[in-house]
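The values are calculated or read from the model by the stated rules, or taken from the named source; none is laboratory data. All figures in this text were calculated on a predicted structure; none of them were measured in a lab. Please note: Cβ atoms are built from the backbone with ideal geometry, for glycine as well, and neighbour counts cover all protein chains shown.
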């Protein structure tokens with residue numbers, strides 16, 4: 001028994017040293033291997049996201065090119081006296097014989113509205129694209145005072161981010177001036193990117209200038225979510241803010257990023273359209289954008305906006321660009337057709353100046 005003790009002790013010491021050796025050599029290798037696996041998985045996820053984004057962007061560009069080609073045909077018909085195709089739009093009650101559609105949101109009581117918001121609020125980062133968001137806005141629109149109070153309560157609450165983001169998006173959809181004070185107060189302290197984006201969208205859409213400084217702060221904040229910056233820049237454009245006008249030209253304090261230039265151009269377009277195209281002071285911005293736009297989308301937006309003025313100055317800008325070797329063939333054809341129609345004194349199309357729906361930012 002006494003001779004077995006040294007053997008047992010020796011065995012235990014050897015085992016301990018082996019275990020320690022494994023921790024010193026094997027554990028770091030295992031940790032490194034796990035880190036490598038996580039890095040590889042993250043790289044794969046990023047690659048999938050980028051591939052998906054590229055696919056979506058390519059499809060948007062194809063749709064815009066097809067729209068440009070169709071527009072050329074419409075302009076040619078207008079010059080030759082041909083009747084343009086009759087635009088049709090689905091009415092809210094279509095498909096029900098003109099009767100109120102079943103379970104219309106305008107018939108919901110407010111308990112149902114709260115229930116729907118509770119459902120949307122649990123969607124987390126997907127709130128902005130929730131299919132029921134527009135239905136809730138429709139229900140709230142018929143109860144503006146009660147809705148503004150409830151949105152204010154949500155915006156000042158400690159509920160999860162999804163609920164506060166839903167309130168921000170609803171305030172934007174309702175263009176609720178009564179909810180604006182609560183939106184601005186929350187914007188001053190909010191850090192969650194999903195909520196910041198929703199609040200930026202609301203401040204951009206709701207009329208008034210009280211929120212301009214907050215919009216500038218978000219627009220110039222390089223650390224802010226890209227979608228929030230886009231909303232803020234677009235909102236500044238709607239107010240013809242000098243920073244947004246500079247961004248629309250492709251420069252200024254806002255980085256020369258095509259995404260933000262596009263949003264600034266959309267905002268300036270909306271300001272001009274709201275004034276019934278009477279103010280031509282912004283026309284040079286879009287003529288410059290047509291010549292220098294970094295993407296097909298920017299050039300298309302500028303062309304569509306120039307058509308809105310339907311004036312000799314617009315025709316000159318369209319012809320001058322179409323004659324350049326850099327002009328896109330599809331857009332150049334449309335620009336020439338529009339300029340020719342303007343000079344031929346053709347009637348201004350009812351939708352002249354209307355933007356492709358794809359330019360409206362919905363991704364948040």
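Structure above, values below:
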quantity: Flag if residue 326 is more than 26 Å from the chain's Cα centre (by Cα), modelled with pLDDT under 95, under 22 Å from residue 262 (Cα atoms) and not in a helix (DSSP H, G or I); calculated: yes
quantity: Qualifying residue in region 265-282 (condition: more than 26 Å from residue 208 (Cα to Cα) and surrounded by fewer than 15 Cβ atoms within 10 Å (Cβ to Cβ)); calculated: no
quantity: Breaking point among (1) without any contact (Cβ under 8 Å) to a residue 40 or more places away in the chain; (2) surrounded by 14 or more Cβ atoms within 10 Å (Cβ to Cβ); (3) closer than 23 Å to residue 103 by Cα, for residue 212; calculated: (3)
quantity: Residues located in region 219-228, provided they are in contact (Cβ under 8 Å) with a residue 24 or more places away in the chain and either assigned to a loop (DSSP other than H, G, I, E, B) or closer than 20 Å to residue 177 by Cα (or both); calculated: 222, 224, 225, 228
quantity: Hey, residue 350 loosely packed, with under 15 Cβ neighbours inside 10 Å and in a loop (DSSP other than H, G, I, E, B) or not; calculated: yes
quantity: Tally of residues being out of contact with any helix residue (DSSP H, G or I) (no Cβ under 7 Å at 6 or more places or on another chain) and outside any loop (DSSP other than H, G, I, E, B) across region 329-347; calculated: 1
quantity: Positions within region 175-194 being assigned to a helix (DSSP H, G or I) and either touching a residue at least 40 places away in the same chain (Cβ under 8 Å) or more than 23 Å from residue 225 (Cα to Cα) (or both), in sequence order; calculated: 177, 178, 194
quantity: Among (1) surrounded by 22 or more Cβ atoms within 10 Å (Cβ to Cβ); (2) out of contact with any helix residue (DSSP H, G or I) (no Cβ under 6 Å at 6 or more places or on another chain), the one test that residue 318 misses; calculated: (2)
quantity: Qualifying residue in region 247-258 (condition: touching a residue at least 40 places away in the same chain (Cβ under 8 Å), in a loop (DSSP other than H, G, I, E, B) and either in contact with a helix residue (DSSP H, G or I) (Cβ under 8 Å, 6 or more places away or on another chain) or within 28 Å of residue 322 (Cβ to Cβ) (or both)); calculated: yes
quantity: Residues satisfying the stated conditions in region 329-350, i.e. under 31 Å from the mean Cα position of the chain (by Cα) and either free of Cβ contacts under 8 Å to residues at least 12 places away in the same chain or within 15 Å of residue 293 (Cβ to Cβ) (or both); calculated: 329, 330, 331, 332, 334, 335, 350
